[in-house]
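Colleague: Below you'll find the structure I mean.
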Amino acid sequence: MNCKLCSSFITYEVSFVDILWFKSIEEPLICDKCRAKFVYLSPNGCPQCNRQQDEHDVCFDCQRWNRQHAPLINRALLRYNDTMKQFIQAYKYQYDFTLAQVFKAEFTAFLKQAGDVVYVPIPMKSTQRQFNQVTALINQNKLKLVEVLVVKPTVFDQKQAQRNRQQRLTSEQPFCVNPHLVAAIKAKKIVLIDDIYTTGTTLHHAVAVLRQYTTAEIVSYTLCR
Ligand SMILES: [Zn+2]
Ligand SMILES: [Zn+2]
């Protein structure tokens, strides 16, 4: 097995007990060297979006959002560094579904820290994908998702990656709701879930839609920032 990020060969040990019990052996997808390059975020940095920075003030991006919307608190598990960029590229844009396993348990545990909440994943915006890159990151036996957000049919397959930052910041609302699930989000605090917080646009759009149906607190959790 070769590392999905750097292609180097991975050796791993299979214990005698595993063989004895015909345990399914999980081959590592990423080598130890690449794994060590992932950086876990501390609560330092921007107190609002978790962006890593030396100052502990609200960052420039958040300040701009705050002039237009109520502040959105975002918590992220990992830093969007070069290794994470490589991971997202392979997972999200080259559609390597198997990579969901790398952070599934950790990300699920991270989300569970939010407590008694309703979890709402960001839906996928491309029909080219065979899987939702957000829900695939979550162990749904341990955490129930309410997929109340849906993408408006008109915005499907606009290639977000190819549009520039300014266009993304000002793009129009891509989401609406599944009316059958609206009742499920009424009473409790909502945790929006996305794979990555880049400009914050997607999450702010999601908040704006859900705000029409609930007055409860809405925060977001992302795999990386
Ligand atoms: Zn590697
Ligand atoms: Zn910020």
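The values are calculated or read from the model by the stated rules, or taken from the named source; none is laboratory data. Just so we're clear, the structure is a prediction, and the values are computed from it rather than from any experiment. Using ideal geometry, Cβ is built from the backbone for each residue, glycine included, and neighbour counts are taken over all protein chains shown. Just the protein is used for accessible areas: all its heavy atoms, side chains included, with ligands, DNA and RNA removed. Shrake-Rupley method; radii C 1.70, N 1.55, O 1.52, S 1.80 Å.
Colleague: Which number in (1) open to solvent by less than 10 Å² (accessible area, probe 1.4 Å); (2) over 17 Å from V151 (Cβ atoms); (3) not small (G, A, S) marks the one condition that L203 misses?
Modeller: In the conditions (1) open to solvent by less than 10 Å² (accessible area, probe 1.4 Å); (2) over 17 Å from V151 (Cβ atoms); (3) not small (G, A, S), L203 misses (2) alone.
Colleague: Still on this structure, please answer the following. Mind listing whichever residues of segment 106-146 are open to solvent by 60 Å² or more (accessible area, probe 1.4 Å) and touching a residue at least 40 places away in the same chain (Cβ under 8 Å)?
Modeller: Listed by number, the list holds a single entry, D116.
Colleague: Could you please let me know if D18 is more than 16 Å from ligand 2 (Cβ to nearest atom), among the charged types (D, E, K, R) and not assigned by TED's automatic domain parsing to the domain that holds V207?
Modeller: Considered against the rule, which asks whether it is more than 16 Å from ligand 2 (Cβ to nearest atom), among the charged types (D, E, K, R) and not assigned by TED's automatic domain parsing to the domain that holds V207, D18 comes out as yes.
Colleague: For Y12, indicate whether it is open to solvent by 100 Å² or more (accessible area, probe 1.4 Å) and either at pLDDT 75 or above or outside the structural domain of T201 (by TED's automatic domain parsing) (or both).
Modeller: Details: open to solvent by 100 Å² or more (accessible area, probe 1.4 Å): no; either at pLDDT 75 or above or outside the structural domain of T201 (by TED's automatic domain parsing) (or both): yes.
In short, no.
Colleague: Of all the residues that make up segment 27-43, how many are open to solvent by less than 30 Å² (accessible area, probe 1.4 Å) and not in a loop (DSSP other than H, G, I, E, B)?
Modeller: Of the residues in segment 27-43, 1 are open to solvent by less than 30 Å² (accessible area, probe 1.4 Å) and not in a loop (DSSP other than H, G, I, E, B).
Colleague: Right, another one. I'd like the full set of residues that are outside any strand (DSSP E or B) and touching a residue at least 24 places away in the same chain (Cβ under 8 Å), limited to segment 181-197.
Modeller: L181, V182, A184, I185, K186, A187, K188, K189, Y197
Colleague: Still on this structure: Run down F97, F38, F16 and say which single residue is more than 16 Å from ligand 1 (Cβ to nearest atom) and within 22 Å of the chain's Cα centre (by Cα).
Modeller: Working: F38 fails: more than 16 Å from ligand 1 (Cβ to nearest atom); F16 fails: within 22 Å of the chain's Cα centre (by Cα).
F97 is the lone residue from the list that is more than 16 Å from ligand 1 (Cβ to nearest atom) and within 22 Å of the chain's Cα centre (by Cα).
Colleague: Residues that are exposed (fewer than 13 other Cβ atoms within 10 Å of the Cβ), in the same structural domain as T199 (by TED's automatic domain parsing) and more than 13 Å from ligand 1 (Cβ to nearest atom): does segment 79-92 have at least one?
Modeller: Within segment 79-92 (the criterion being exposed (fewer than 13 other Cβ atoms within 10 Å of the Cβ), in the same structural domain as T199 (by TED's automatic domain parsing) and more than 13 Å from ligand 1 (Cβ to nearest atom)), the answer is yes, since at least one residue qualifies.
Colleague: Restricting attention to segment 60-82, which residues are within 12 Å of ligand 2 (Cβ to nearest atom) and under 17 Å from V219 (Cα atoms)? Outline the logic, then answer.
Modeller: As a first pass, look at segment 60-82 and keep what is within 12 Å of ligand 2 (Cβ to nearest atom): 60-66, 71-76.
Result: D61, C62, Q63, W65, N66, P71, L72, I73, N74, R75, A76.
Colleague: Say whether the condition of being surrounded by 14 or more Cβ atoms within 10 Å (Cβ to Cβ) and small (G, A, S) is met by at least one residue in segment 54-70.
Modeller: no
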